[in-house]
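One structure below.
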Amino acid sequence: MIVIPQKQLDSFLQGKKIILQFFAALFLLLSFFLSSVFATENTVYIKGLGAVLREQPSIQSKKTFKLSRGTKVLSIESKGIWQKVESGVSQGWLLRGQISKFPVKRKTLILAQKIQLLSASGRRVRLRTFSAVVGVKGLVDSEGKKISPYKTDYTALEWLEQLPSNEENSVIFLSFTE
Amino acid sequence: MAHFNKYLWLHIFIFSFGFAVSGQAQEFRLRAHHIFWKNQEAGTDREIDFGRGVAAKILGKYPLLRDERKHKYISQIGTGITAQLGRPELRYYFGILETDEINAFAVPGGYIFVTMGALKLMRNEAQLAGVLAHELAHVGQKHIVRKLKLQSTDSSLTSGIAQVLGSSTLASKIALERLNDLAFKMLMEEGLSKEDEEDADQKALEMLITLGYDPHSYLNYLQSLKPHLAQGGAEVLSKTHPTIEFRYRSLKEFISRHQLDNIQGKKNEKRFKKIMAKS
Amino acid sequence: MKSALRKLWLNLSLLIFISFSATQLHADDAHYKNMLIGERAATMGGSYVAISDDSTGCYYNPAGIAYAVGDSLSGSGNMLHKLKTVYTEAIGTQDWIRESESLVPNYFGVLKKYKDYSFCFSYVVPEAFIEHQDLLFDNPLSTVKIYYQSLHSEDITYLMGPSVAMKFGENLSIGLTLYYQYRSFMRQFYNYLESTDGSYEVIYQSLKLREDGVMPKLGLQWSPWSLLTVGMAVDQAVLLNSSFQGDISFHNTDNSTGTTIPTTMMMRVNSAEKRKFPLHLAWGVSYFPTPSLLYTADLDYYQAAENGRADIMNYSGGTEYYLNPTNAIRFGLFTNYTNLPLPDSSTTAPYEYLDIYGASFGYTSYSSSSSLTVGAIYTSGSGKAWLYSGSTETRALTRESLTLVFSASSSL
């Protein structure tokens with residue numbers, strides 16, 4: 001469509017080596033990425049505790065391998081509610097609810113726990129949190145009218161938040177069979 | 001230049017041709033982070049902040065049962081489920097509401113409530129696990145946050161809830177409070193969509209199977225709700241959920257589709273009854 | 001005889017600077033791609049014509065902004081742009097090294113969408129050369145006791161203006177950007193030379209240039225089939241006003257005849273001659289195989305509009321890969337060929353023939369509503385320089401540059 005100018009052509013021939021290197025480098029890089037992409041597109045993560053691989057897609061099937069939370073596995077095949085994955089040398093079936101497409105994130109602590117954390121270190125810090133403002137004073141709009149018609153109980157909520165169960169112990173508690 | 005002009009028309013021709021024949025959205029242009037954040041909607045801490053407000057309203061309507069033994073039991077069962085199948089970034093809290101109404105609530109951010117009325121109706125631990133799992137599925141799939149987002153007038157990806165939740169100005173706090181009310185109303189009056197409830201039922205069943213519980217107990221629990229719904233003992237539940245017939249049929253269909261008929265599991269009836277009997 | 005030759009060398013080397021400074025007004029107008037703009041674009045070798053779906057797109061291809069995801073605000077600063085040019089054995093047997101360093105924020109853009117239209121306002125600094133240099137040579141030649149040179153120069157080009165793009169159906173868009181182009185150049189050059197025989201020479205030169213113009217840019221983007229986009233953009237800068245003023249004063253003494261003969265001179269040159277910019281055509285193609293990966297390649301063709309310039313084609317290519325949904329890396333390669341014609345045996349100074357190749361790398365971290373990019377661009381080129389006024393003598397020339405890119409963008 002547009003004729004490559006003579007000068008460019010000349011410099012192409014002169015600098016053929018450089019250009020070859022240029023494209024070789026580009027090609028190598030792209031294929032490197034490509035190969036890793038096909039691997040990563042199938043990457044999934046173990047969401048929770050107590051995930052166990054099974055030989056067959058059945059709850060009665062033999063358990064073969066334990067996977068810990070956050071483990072990166074490759075998904076190979078899916079069958080109904082079952083998902084076949086590969087982790088290192090071991091392969092097996094999991095229930096699809098046990099995996100997530102996204103890496104496992106750290107637990108997000110709520111504000112109330114942050115306040116406790118600060119208090120525990122000896123400093124009495126009163127955070128002017130949103131919930132405190134709403135719960136204690138009640139949020140009012142510019143005309144002084146209370147915005148929400150609903151009652152709130154933040155004391156009960158904080159009571160609830162003070163008693164979280166330990167995850168590992170709860171998994172053991174749940175695994176109990178009569 | 002004349003050379004180029006000739007081709008310019010060709011270009012315009014080809015471009016217009018492409019325009020004429022195609023009408024699909026360029027979804028493929030969305031990059032990984034767009035898809036990821038679209039899925040995440042608001043950040044987790046914002047979701048928790050938001051959920052706390054709704055949870056406080058539920059506790060404002062129904063008193064919290066401060067029975068440490070019962071609470072600990074529910075919390076351990078719930079946490080046992082979430083540790084394995086919940087969203088790993090959340091810490092879940094489980095509470096019992098002191099009311100004879102039969103219902104359970106899932107609030108964004110990981111607050112799960114079940115009423116005393118519902119517990120009294122349950123026969124075993126598998127049923128409790130099933131009800132909790134149903135609520136956990138709502139949190140896991142962010143049904144409420146998504147529905148709120150659809151209801152908000154501005155539908156662009158970055159505005160709406162994420163914006164309201166992210167800001168700290170008084171105006172946005174007022175907006176947040178209104179969103180909170182909307183969510184509360186949704187739980188008490190409107191309910192989620194039929195599809196969301198269906199989805200949560202199926203997820204609950206899958207969770208029960210994964211955890212080794214008897215999945216059929218959950219179906220039995222749904223059946224046992226029927227007479228109470230007719231008598232008006234679960235006013236909110238009947239307003240906010242599809243009919244039991246629909247849910248039962250849909251689950252049966254799911255079971256046969258995935259050949260889950262023969263799956264058995266534990267019920268832990270004794271442990272459940274022992275804890276529920278004492279007060 | 002030997003000393004006469006040295007004297008000749010000395011005079012030649014002096015002439016370098018005089019001729020160089022007087023004629024080489026523009027720090028580097030022999031290349032079109034001295035600075036890469038934007039966050040994603042810059043770190044993919046400036047290959048963006050077929051992507052261009054954020055506010056940086058206003059500069060590369062305004063049609064692409066039609067596909068932007070939401071409204072955004074972005075800005076980038078080249079944290080550091082370091083350029084080093086070495087003329088081998090230019091001053092006697094010593095190398096002449098020129099270094100330029102700038103810290104100019106080179107991009108700012110705000111993008112707003114409304115229905116099928118996208119609007120954008122952008123500010124771009126496509127060229128920035130800042131040189132502050134003091135060189136002192138003790139006894140560079142046997143006849144020269146001191147040679148001192150002080151050079152302070154700033155040459156910055158700015159583009160700013162609005163863009164609009166609209167979609168025709170889902171797969172075709174057209175966009176237009178209208179830039180106001182402004183360039184400010186100033187240079188102060190001082191030169192002191194003291195010979196062993198007591199004679200000396202002082203030159204002071206001050207140059208100022210201001211150019212105003214417009215640069216319309218028209219773009220098209222089309223997706224012929226899923227996963228692939230092609231783009232095309234054309235622009236042409238036209239100067240509306242140009243004013244140049246050059247002052248030079250000169251003082252020396254000559255002791256060669258036994259008596260000291262002083263010479264002094266002062267000269268002012270004014271000019272309003274407007275430079276003519278090339279027609280720039282850009283084509284690009286991008287392939288989006290997965291949400292985590294894309295490849296892109298561009299051709300940039302420049303059709304010369306001035307005598308003494310050649311038509312050239314620059315190539316660039318890049319790839320973007322998401323390590324996970326919130327972290328992405330990019331890599332790019334590009335050429336930055338000289339726009340001067342190939343030299344021949346009749347080529348005389350001042351002339352520099354230099355082809356440059358570059359590589360870029362970048363990393364971006366994404367949060368729900370903002371992103372932060374850091375990256376680096378390295379370029380290297382070697383060629384020949386004709387330095388000595390009127391002579392066909394050449395010196396080897398190498399140029400290397402390193403640019404650190406730092407940019408952020410946020411959804412509105």
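The values are calculated or read from the model by the stated rules, or taken from the named source; none is laboratory data. The structure presented is a predicted model; accordingly, all values stated were derived computationally and were not measured. Glycine also receives a Cβ, built like all others from the backbone with ideal geometry; neighbour counts cover every protein chain displayed. Surface areas here come from the heavy atoms of the whole protein model, side chains and all, with no ligands, DNA or RNA. Shrake-Rupley method; radii C 1.70, N 1.55, O 1.52, S 1.80 Å.
Inside segment C:222-236, can you point out the residues that are open to solvent by less than 20 Å² (accessible area, probe 1.4 Å), of a type outside the set (A, V, I, L, M) and within 27 Å of the chain's Cα centre (by Cα)?
Selection gives C:Gly231, C:Asp235.
Can you tell me which residues in segment C:81-114 are open to solvent by less than 50 Å² (accessible area, probe 1.4 Å), in a strand (DSSP E or B) and not small (Gly, Ala, Ser)?
C:His81, C:Leu83, C:Thr85, C:Val86, C:Tyr87, C:Ile91, C:Trp96, C:Arg98, C:Asn106, C:Tyr107, C:Val110, C:Leu111
Counting only residues that are open to solvent by 60 Å² or more (accessible area, probe 1.4 Å) and more than 11 Å from chain B (Cβ to nearest Cβ), how many does segment A:50-70 have? Write out each step before concluding.
First, the residues of segment A:50-70 that are open to solvent by 60 Å² or more (accessible area, probe 1.4 Å): A:55-56, A:60, A:62-66, A:68-69.
With more than 11 Å from chain B (Cβ to nearest Cβ) added as a condition, the list becomes A:55-56, A:62-66, A:68.
Going through segment A:50-70 one residue at a time, the tally reaches 8.
Could you grab me the full set of residues in segment C:277-328 that are surrounded by 22 or more Cβ atoms within 10 Å (Cβ to Cβ), farther than 28 Å from C:Trp225 by Cα and of a type outside the set (A, V, I, L, M)?
Once the filter is applied, which keeps residues that are surrounded by 22 or more Cβ atoms within 10 Å (Cβ to Cβ), farther than 28 Å from C:Trp225 by Cα and of a type outside the set (A, V, I, L, M), segment C:277-328 yields only C:Tyr302.
Can you confirm whether segment A:123-133 contains a residue that is part of a loop (DSSP other than H, G, I, E, B), within 13 Å of chain B (Cβ to nearest Cβ) and modelled with pLDDT of 60 or more?
No: zero hits.
Among the residues in segment B:239-253, are any on the phi < 0 side of the Ramachandran plot, modelled with pLDDT of 80 or more and touching a Phe, Trp or Tyr at 6+ places or on another chain (Cβ under 6 Å)? Even if it seems obvious, please write down each step before you answer.
Of the residues in segment B:239-253, the ones on the phi < 0 side of the Ramachandran plot are B:239-253.
Pick out the ones that are also modelled with pLDDT of 80 or more and you get B:239-253.
Filter once more, keeping what is touching a Phe, Trp or Tyr at 6+ places or on another chain (Cβ under 6 Å): none.
No, the conditions are met nowhere in segment B:239-253.
Residue by residue through segment A:72-86, note down the ones that are surrounded by fewer than 17 Cβ atoms within 10 Å (Cβ to Cβ) and touching a residue at least 12 places away in the same chain (Cβ under 8 Å).
Answer for segment A:72-86, where residues must be surrounded by fewer than 17 Cβ atoms within 10 Å (Cβ to Cβ) and touching a residue at least 12 places away in the same chain (Cβ under 8 Å): A:Lys72, A:Leu74, A:Ile76, A:Ser78, A:Lys79, A:Gly80, A:Glu86.
Just one of (1) more than 18 Å from the chain's Cα centre (by Cα); (2) at pLDDT 65 or above; (3) at the interface with another protein chain (Cβ under 10 Å from one of its Cβ atoms) trips up A:Lys105, so point out which.
(1)
Can you tell me which residues in segment C:167-185 are surrounded by 18 or more Cβ atoms within 10 Å (Cβ to Cβ) and assigned to a strand (DSSP E or B)?
Result: C:Lys167, C:Leu172, C:Ser173, C:Ile174, C:Gly175, C:Thr177, C:Tyr179, C:Gln181, C:Arg183, C:Phe185.
Condition test on C:Phe244, is it in contact with a helix residue (DSSP H, G or I) (Cβ under 7 Å, 6 or more places away or on another chain) and either touching a residue at least 60 places away in the same chain (Cβ under 8 Å) or aliphatic (A, V, I, L, M) (or both)?
On the way: in contact with a helix residue (DSSP H, G or I) (Cβ under 7 Å, 6 or more places away or on another chain): no; either touching a residue at least 60 places away in the same chain (Cβ under 8 Å) or aliphatic (A, V, I, L, M) (or both): yes.
No, not satisfied.
For B:Asp214, only one of the following conditions fails: (1) open to solvent by 60 Å² or more (accessible area, probe 1.4 Å); (2) touching a residue at least 12 places away in the same chain (Cβ under 8 Å). What is its number?
Failing condition for B:Asp214: (1).
List every residue pair whose Cβ atoms sit under 7 Å apart, with the two residues 6 or more apart in sequence or on different chains, where the first one lies in segment B:68-79 and is within 7 Å of chain A (Cβ to nearest Cβ) and the second, anywhere, is open to solvent by less than 10 Å² (accessible area, probe 1.4 Å) and assigned to a helix (DSSP H, G or I).
B:Gln76/A:Ser170; B:Ile77/A:Leu174; B:Ile77/B:Glu125; B:Ile77/B:Leu128; B:Ile77/B:Ala129; B:Ile77/B:Leu132; B:Thr79/A:Ser170
Of the conditions (1) of a type in the set (A, V, I, L, M); (2) surrounded by fewer than 20 Cβ atoms within 10 Å (Cβ to Cβ); (3) within 25 Å of C:Tyr123 (Cα to Cα); (4) touching a residue at least 40 places away in the same chain (Cβ under 8 Å), C:Val374 satisfies every one except a single condition; which number is it?
(4)
Write out, first by first residue and then by second, each pair whose Cβ atoms fall under 8 Å of each other, whose residues are 6+ apart or on separate chains, and whose first residue, in segment C:330-356, is touching a residue at least 12 places away in the same chain (Cβ under 8 Å) and away from chain A (no Cβ under 11 Å) while the second is among the aromatic types (Phe, Trp, Tyr) and in a strand (DSSP E or B).
If the second residue must be among the aromatic types (Phe, Trp, Tyr) and in a strand (DSSP E or B), the pairs left are C:Asn336/C:Tyr357; C:Thr347/C:Trp386; C:Thr348/C:Trp386; C:Ala349/C:Trp386; C:Pro350/C:Trp386; C:Tyr351/C:Trp386; C:Glu352/C:Trp386.
Determine which member of the set B:Lys239, B:Lys252, B:Lys203, B:Lys270 is surrounded by fewer than 17 Cβ atoms within 10 Å (Cβ to Cβ), part of a helix (DSSP H, G or I) and within 13 Å of another protein chain (Cβ to nearest Cβ).
B:Lys270
I'd like the full set of residues that are open to solvent by 10 Å² or more (accessible area, probe 1.4 Å) and at the interface with chain A (Cβ under 7 Å from one of its Cβ atoms), limited to segment B:87-105.
Across segment B:87-105, the qualifying residues are B:Pro88, B:Glu89, B:Arg91.
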